[in-house]
Amino acid sequence: MRKFLREPLLHFLLIGIGLFVLYDVLRGGNTGAPREIVVTEARVEALAQNFATTWMRPPTAQEIGGLIDDYIAEEIYYREAIAMGLDQDDTVIRRRLRQKMEFISEDAAAAAAPTDVQLQEFLAKHPERFLEPAQLSFRQVYFSTEKRGEQARVQAEQLLTRLQAGRGPADPAAAGDPTLLPPDMHSASPQLIANTFGSDFAAQVAEAPVGQWSGPLQSGFGLHLVHVDERVASVLPAFDQIRPIVLREYQAEQRTRSNKKFLDGLRTKYEIRIEGPVARPLEQTGTSTGVQGGGAQ
Amino acid sequence: MSTRTFVLPLLAAAVTAALMIAATPFVFASDDVPGPPTHKIQYSPYPEKNFPNRVYFGDTHLHTSYSADAGMIGNTLGPDEAYRFAKGETVTSSSGQKARLARPLDFLVVADHAENLGLAPLLMASDPTLMATQFGKELRAFVDKGDLPGAWNHWSTTKASGKDPLAANQDVYRTAWARLTETAEKHNEPGRFTAFIGFEWTSAYERNNLHRNVIFRGGKKNADTILPFSAFDSVDAEDLWSWMAAFEQKTGDRLLAIPHNGNLSNGLMFDDVTLTSRKPLDRDYAARRARWEPLYETTQMKGDGETHPQLSPNDEFANFERWDKGQLGPAPKTPDMIPREYTREALKRGLAYEAKLGVNPWKFGLIGSSDSHTSLATTTEDNFFGKVSAVEPTADPIRFNEVIGGIGGPPEAAQYHRQASASGLAAVWARENTREALWDAMARKEVYATTGTRLVVRVFGGYDLAATDLQRSDFAEQGYRKGVPMGGDLKTAPAGKTPAFLIRAQRDADGANLDRIQVIKGWLDAAGKTHEKVYDVVWSGSRKPDAKTGKLPAVGNTVNVAEASYTNAIGAPFLECYWKDPSFDPKQRAFYYVRVLEIPTPRWTTFDAKIYGIALPKDVPASIQERAYTSPIWYTPR
């Protein structure tokens, strides 16, 4: 049975059914008499249930009356609109239907759960997508160039000499200037260090020696002495540790593929002609890439 | 510049779309949702301390293709892409352009319009797991007979019978909402990135913006027990609060709601009467509003909401990214509406309400967010992807000239996309990057707004704080021990004591220097009249306030408009200050919030002009001073 459910032919059949139903609905599909609106007991119950889902309580008799009136109004408007052809060439309706079709194809893609073997193969194929970033633990002492001017570097170097000789103060950070920068970071990724201290500093501290005081490093805020306690290289975690993430990435890729395959399949049913002079696409100049440190690529 | 005016009624189309969509959930199948990844917590400093030690930046207000006014008008990126972009991945935008954030966000709330989430029934027939059920087989029988309408009817009537034909197979019952919550769950990585579950309740009472974003503290399990409350259910926020209360009671989870764009509410956001019953605000209303709406989104794409020149004529920085022509619809603005639309005035009037009712309805903290409808949370001037996909970066005049406010109204009510603000961000002081820690910080208002940059600001207020505490390396510890952080409360001052404040601000690590720090005080006098005063408390360079006016001279401007560049030759990377209120009256209710100004930098329109070689629009400035607004600290005498 399970195997049968994974059968692509079945998926295709079901999608086909979907298309027919969609077509029928689009045409105002209703099997009743054209001028008859029957609000079935089941419909009323459905309205009540929808209400209850939202309001977390059942509707009162008065509210039910309102829901039914509203449903009737909607049904009338809906049928009249279809009869008047208001659904034709409506961008909103067209887009909504397109979105539904995409949902169908995505659901078909998500239907079959991948096996661990498939996921491990995916991981082996794209290790770069699952790398744990490098980690750095360090302490820092901040010297404000605003406050100390040229003395900032001199004084930083003096403190460095003392620290390197093991003659530094017990709390080296207190010898620096007040700041909102953290005095230390533990197991921080290069991205986090860049977010906090700026990208210049992040690049420098990545090169600083481990197990000793060094510097001064220059950041946008001033000068820093740093003590790198530990540097852990970027690693690929074991599959068990990152299975949910591998699954997420696998499914995302399947979804993209499935959408394309679905559309390509449908396209084969159509002969497509583009008439008239095709407008020259606007020259691609790229996006507003950041002049000041960053932006879109 | 072209004088053609593009009046594509995007938002009108969106509203139409929202109205046209039926409110029945659709169904789809999916695999089990993986739990949150078991990553090692990346960063957990100062394990011996227990106070918030880091600021996290995020967007609490992002729309994806699941929102009618995004997905129906060109946005093809769903929540998955939105989270990927926020996490720093390169994403191809709906207009086909590669986009990336220079620095990833720490958290994101995908807040799609609730009105879009209840969709017409999707074609459940695509779901193979359904075929394993008795109901599925019955359905199949119709199909085999070639009776497709029959299959459809059987589906809808059986589902509507109240007896759930698929009760034993809940996997089949996933809705668009479930898809959103599932995506949030997949991208939520505690310690590394927080993906909140949320939605936008889009009340547009007579086209006036009364929208609220609702944010869940918990996860999918509780969220999936409901469908988001929509404006179809009610346009009155009081009903939203009742709904939130019912959800909390039912699930034990927590919710908060964040209103935004009072500037487009035509006087309704901070009105003196309730929305539908038109009764004067009473104590019960005030208590509920304060309970459910601890924050206000004060700056975003559709204008800055801190204050207005009409309300703050002595504040030379009040006229910032102003959107005051009307609403989203056609009704123009009149001056009488302005006092009921802006943050500072609401905070002041809140003091008066508290004196009158015993509860302050508008005791809220401040955040910024984007309200971007492109699935791309871009908030910096050099990377602005626009309000909607149709106005993503392009040399085409649509990007500047598209009407996005005052739609269908007179020309004087129109707001054009060139006036859209590349703003803002929500900054949250917390101990770790998790849903719980960030949500709790929001609930206690230990947050601030920025207009899109990541400048850092920290404030403590208290009676025992000393000037020497400012210089201490354990500054924050002293602040928490002797005072309260932003968002906090000061009770009746001990005899002879005056509130003192420790303030530190640091520029964006890769951004522009700071111009100054200001304290903005609002208070209520004995006669029940409200007042405000802006204090320059510390500034860069050796400027002296003008002897006559007391005004501090402007910091200068290094912006090269032609090159869309600036330098940090002026301003300071770090400012700090110990400040005592010089005119403190222990009997008067008051609030204090901090505004930090950066030096002028190029506006996004200036980047556009440089990159595309087009003319600068005339009605927006070439450079702006980005800023932060902290949540207030309130002084409430007993």
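Determine whether residue B:503 is part of a loop (DSSP other than H, G, I, E, B), hydrophobic (A, V, I, L, M, F, W, C), within 14 Å of another protein chain (Cβ to nearest Cβ) and in contact with an Asp or Glu (Cβ under 9 Å, 6 or more places away or on another chain).
In short, no.
Being exposed (fewer than 13 other Cβ atoms within 10 Å of the Cβ), part of a helix (DSSP H, G or I) and more than 9 Å from chain B (Cβ to nearest Cβ), is that true of even one residue in segment A:129-150?
So far as segment A:129-150 goes, no, none of its residues is exposed (fewer than 13 other Cβ atoms within 10 Å of the Cβ), part of a helix (DSSP H, G or I) and more than 9 Å from chain B (Cβ to nearest Cβ).
Any residue in segment B:564-579 that's more than 18 Å from residue B:601 (Cβ to Cβ): show its pairings with residues that are crowded, with 23+ Cβ neighbours inside 10 Å and of a type in the set (Gly, Ala, Ser) at Cβ separation under 9 Å, as long as the two are six or more apart or on different chains.
Hits for this filter: B:576/B:505; B:577/B:505.
Select from segment B:532-568 the residues that are open to solvent by 70 Å² or more (accessible area, probe 1.4 Å) and within 24 Å of residue B:632 (Cα to Cα) and write down the one among them that is modelled with the highest pLDDT.
If we take residues in segment B:532-568 being open to solvent by 70 Å² or more (accessible area, probe 1.4 Å) and within 24 Å of residue B:632 (Cα to Cα), then B:533 is modelled with the highest pLDDT.
Check whether at least one residue in segment A:196-206 is small (Gly, Ala, Ser), touching a His at 6+ places or on another chain (Cβ under 9 Å) and within 14 Å of chain B (Cβ to nearest Cβ), and report yes or no.
no
Could you give me the residue pairs with C-beta distances under 8 Å whose first residue belongs to segment B:458-481 and is in contact (Cβ under 8 Å) with a residue 60 or more places away in the chain, whose second residue is of a type in the set (S, T, N, Q) wherever it lies, and which are 6+ apart or on separate chains?
These pairs meet every condition: B:459/B:630; B:465/B:478; B:469/B:478; B:476/B:53.
Yes or no: segment B:474-488 includes at least one residue that is assigned to a loop (DSSP other than H, G, I, E, B), within 14 Å of chain A (Cβ to nearest Cβ) and within 30 Å of the chain's Cα centre (by Cα).
yes
Report, by residue number, each residue of segment B:342-352 that is out of contact with any Asp or Glu (no Cβ under 8 Å at 6 or more places or on another chain) and closer than 19 Å to residue B:297 by Cβ.
Of everything in segment B:342-352, those that are out of contact with any Asp or Glu (no Cβ under 8 Å at 6 or more places or on another chain) and closer than 19 Å to residue B:297 by Cβ turn out to be B:345, B:346, B:347, B:349, B:350.
Just need a number here: residues in segment A:74-92 that are free of Cβ contacts under 8 Å to residues at least 12 places away in the same chain and either open to solvent by 40 Å² or more (accessible area, probe 1.4 Å) or within 11 Å of chain B (Cβ to nearest Cβ) (or both).
Of the residues in segment A:74-92, 11 are free of Cβ contacts under 8 Å to residues at least 12 places away in the same chain and either open to solvent by 40 Å² or more (accessible area, probe 1.4 Å) or within 11 Å of chain B (Cβ to nearest Cβ) (or both).
Test residue B:594 against the stated conditions and say whether it is farther than 30 Å from residue B:358 by Cα, at pLDDT 95 or above and among the aliphatic types (A, V, I, L, M).
no
Can we say residue B:457 is part of a strand (DSSP E or B), open to solvent by less than 10 Å² (accessible area, probe 1.4 Å), among the β-branched types (Val, Ile, Thr) and touching a helix residue (DSSP H, G or I) at 6+ places or on another chain (Cβ under 6 Å)?
For residue B:457, the condition - part of a strand (DSSP E or B), open to solvent by less than 10 Å² (accessible area, probe 1.4 Å), among the β-branched types (Val, Ile, Thr) and touching a helix residue (DSSP H, G or I) at 6+ places or on another chain (Cβ under 6 Å) - is not met.
Is it true that residue A:95 is modelled with pLDDT under 80, farther than 27 Å from residue B:178 by Cβ and either of a type in the set (D, E, K, R) or open to solvent by 50 Å² or more (accessible area, probe 1.4 Å) (or both)?
For residue A:95, the condition - modelled with pLDDT under 80, farther than 27 Å from residue B:178 by Cβ and either of a type in the set (D, E, K, R) or open to solvent by 50 Å² or more (accessible area, probe 1.4 Å) (or both) - is not met.
Return the total of residues in segment B:69-105 being of a type in the set (Lys, Arg) and either within 7 Å of chain A (Cβ to nearest Cβ) or in a strand (DSSP E or B) (or both).
Number satisfying all stated conditions: 3.
Filter segment A:176-194 for residues that are buried (at least 19 other Cβ atoms within 10 Å of the Cβ) and in a helix (DSSP H, G or I) and give the result.
Of everything in segment A:176-194, those that are buried (at least 19 other Cβ atoms within 10 Å of the Cβ) and in a helix (DSSP H, G or I) turn out to be A:192, A:193, A:194.
Exactly one condition in (1) away from chain A (no Cβ under 12 Å); (2) closer than 30 Å to residue B:444 by Cβ; (3) open to solvent by 10 Å² or more (accessible area, probe 1.4 Å); (4) among the hydrophobic types (A, V, I, L, M, F, W, C) is false for residue B:590; which is it?
Every listed condition holds for residue B:590 apart from (3).
When you go through (1) open to solvent by less than 80 Å² (accessible area, probe 1.4 Å); (2) modelled with pLDDT under 95 one by one for residue A:164, which number turns out not to apply?
Result: residue A:164 fails condition (1) only.
For the structure I just gave you, tell me whether residue B:315 is surrounded by fewer than 19 Cβ atoms within 10 Å (Cβ to Cβ) and of a type in the set (Asp, Glu).
no
I'd like to know if segment A:111-121 contains one or more residues that are under 30 Å from residue A:192 (Cβ atoms) and outside the structural domain of residue A:205 (by TED's automatic domain parsing).
Scanning segment A:111-121 turns up at least one residue that is under 30 Å from residue A:192 (Cβ atoms) and outside the structural domain of residue A:205 (by TED's automatic domain parsing).
Can you tell me how many residues within segment B:602-635 are open to solvent by 10 Å² or more (accessible area, probe 1.4 Å) and of a type in the set (Ser, Thr, Tyr)?
Within segment B:602-635, residues that are open to solvent by 10 Å² or more (accessible area, probe 1.4 Å) and of a type in the set (Ser, Thr, Tyr) number 2.
Counting only residues that are of a type in the set (Lys, Arg) and open to solvent by 40 Å² or more (accessible area, probe 1.4 Å), give me the helices (runs of 4 or more DSSP H) lying completely in segment B:193-309 with at least 3 of them.
B:283-292
Identify, by number, the condition in (1) over 18 Å from residue B:210 (Cα atoms); (2) in contact with a strand residue (DSSP E or B) (Cβ under 6 Å, 6 or more places away or on another chain) that residue B:374 doesn't meet.
(2)
Looking at (1) modelled with pLDDT of 85 or more; (2) over 18 Å from residue B:114 (Cα atoms), which one does residue B:207 not meet, given that it meets all the others?
With (1) modelled with pLDDT of 85 or more; (2) over 18 Å from residue B:114 (Cα atoms) applied to residue B:207, the lone miss is (2).
Quick one: in segment A:229-273, which of the residues that are open to solvent by less than 100 Å² (accessible area, probe 1.4 Å) and among the acidic types (Asp, Glu) is nearest to the chain's Cα centre (by Cα)?
A:249
Does segment B:366-377 contain any residue that is more than 28 Å from residue B:609 (Cβ to Cβ) and buried (at least 24 other Cβ atoms within 10 Å of the Cβ)?
Yes, some residue in segment B:366-377 is more than 28 Å from residue B:609 (Cβ to Cβ) and buried (at least 24 other Cβ atoms within 10 Å of the Cβ).
The values are calculated or read from the model by the stated rules, or taken from the named source; none is laboratory data. The model shown is predicted, which means the values in this text are computed figures rather than measured ones. Heads up, the Cβs are rebuilt from the backbone with ideal geometry, glycines too, and the neighbour counts pull from every protein chain shown. Ligands, DNA and RNA are stripped out before the accessible areas are found, and what is left, the full protein with its side chains, is counted by its heavy atoms. Shrake-Rupley method; radii C 1.70, N 1.55, O 1.52, S 1.80 Å.
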